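Asks: A single structure is presented below for examination.
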Amino acid sequence: MKKIDVTEAIFASKHAQGLTWEAIADAVGMSDVWTTSACLGMNSCPEDVAEKLVSFLNLPEGAKSVLMEYPTKTWQETIPQDPLIYRLYEIVGVYGPTLKEVIQEKFGDGIMSAIDFSMKVEKEENPKGDRVILTLNGKFLPYASW
């Protein structure tokens with residue numbers, strides 16, 4: 001069984017049971033963003049979380065060990081075609097240099113960790129159109145001199 005097989009089984013179970021990512025995350029005691037990422041194969045699950053996912057979603061034998069495998073985090077290097085993903089790509093393209101300047105001005109020469117990191121997606125209702133609120137929370141990692 002490969003990661004793609006487990007991901008497909010997760011989507012099938014999610015659809016068949018009418019579940020949301022939030023409901024799955026609540027069942028395993030993790031955030032909805034992290035749980036979704038793990039289900040898509042981009043994060044490895046601790047054993048207890050993998051067990052809970054397998055049980056809650058009635059996943060096939062072998063899924064637990066696959067969920068626990070360390071992922072190779074790769075993605076298409078071409079410009080994404082999906083409109084939502086493209087907009088995020090566009091935001092980083094347009095505002096990436098600005099964010100780099102502002103972060104380094106406030107913190108110094110370094111980067112924001114994507115390892116010691118959390119992310120939240122929230123909805124804000126607004127009469128002019130509902131708003132998407134993305135919170136990216138990463139530890140600052142200064143570059144070392146030696």
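Asks: With at positive phi, outside the structural domain of THR36 (by TED's automatic domain parsing) and surrounded by 10 or more Cβ atoms within 10 Å (Cβ to Cβ) as the only criterion, which of GLY129, GLY108, GLY138, GLY96 stands out?
Replies: Numbers: GLY129 fails: surrounded by 10 or more Cβ atoms within 10 Å (Cβ to Cβ); GLY138 fails: at positive phi; GLY96 fails: at positive phi.
Residue meeting the stated conditions: GLY108.
Asks: If you take the residues of segment 10-23 that are surrounded by 15 or more Cβ atoms within 10 Å (Cβ to Cβ) and closer than 10 Å to CYS39 by Cα, which of them is nearest to the chain's Cα centre (by Cα)?
Replies: Filtering segment 10-23 for residues that are surrounded by 15 or more Cβ atoms within 10 Å (Cβ to Cβ) and closer than 10 Å to CYS39 by Cα, the one nearest to the chain's Cα centre (by Cα) comes out as TRP21.
Asks: Continuing with this model, one more query. Only residues in segment 1-19 that are free of Cβ contacts under 8 Å to residues at least 40 places away in the same chain count as the first member; pair them with residues that are surrounded by 13 or more Cβ atoms within 10 Å (Cβ to Cβ) and part of a helix (DSSP H, G or I), Cβ under 7 angstrom, at least 6 apart or cross-chain, and list the lot.
Replies: Qualifying pairs under 7 Å: THR7/CYS39.
Asks: Could you check segment 45-81 and list, in sequence order, the residues that are of a type in the set (S, T, N, Q), closer than 14 Å to SER13 by Cβ and not in a helix (DSSP H, G or I)?
Replies: Of all residues in segment 45-81, those of a type in the set (S, T, N, Q) come to 55, 58, 65, 72, 74, 76, 78, 81.
Filter again for closer than 14 Å to SER13 by Cβ, leaving 55, 58.
Across segment 45-81, the qualifying residue is only ASN58.
Asks: Restricting to segment 95-146, name every residue that is in contact (Cβ under 8 Å) with a residue 60 or more places away in the chain and not charged (D, E, K, R).
Replies: Residues of segment 95-146 in contact (Cβ under 8 Å) with a residue 60 or more places away in the chain: 118-121.
Hits for segment 95-146 are SER118, MET119, VAL121.
Asks: Give me the pairs, please: first residue somewhere in segment 38-55 and within 11 Å of VAL6 (Cα to Cα), second residue anywhere and of a type in the set (Phe, Trp, Tyr) and in a helix (DSSP H, G or I), beta-carbon distance under 6 Å, and either six or more positions apart or on two chains.
Replies: none
Asks: Same structure again: Scan segment 27-52 residue by residue and report those that are out of contact with any helix residue (DSSP H, G or I) (no Cβ under 8 Å at 6 or more places or on another chain) and farther than 18 Å from LEU134 by Cα.
Replies: MET42, ASP48, listed by residue number.
The values are calculated or read from the model by the stated rules, or taken from the named source; none is laboratory data. Just so you know, these numbers come straight off a predicted model, no measurement behind them. Quick reminder, even Gly has a Cβ in these numbers, built from the backbone with ideal geometry, and neighbours come from all protein chains shown.
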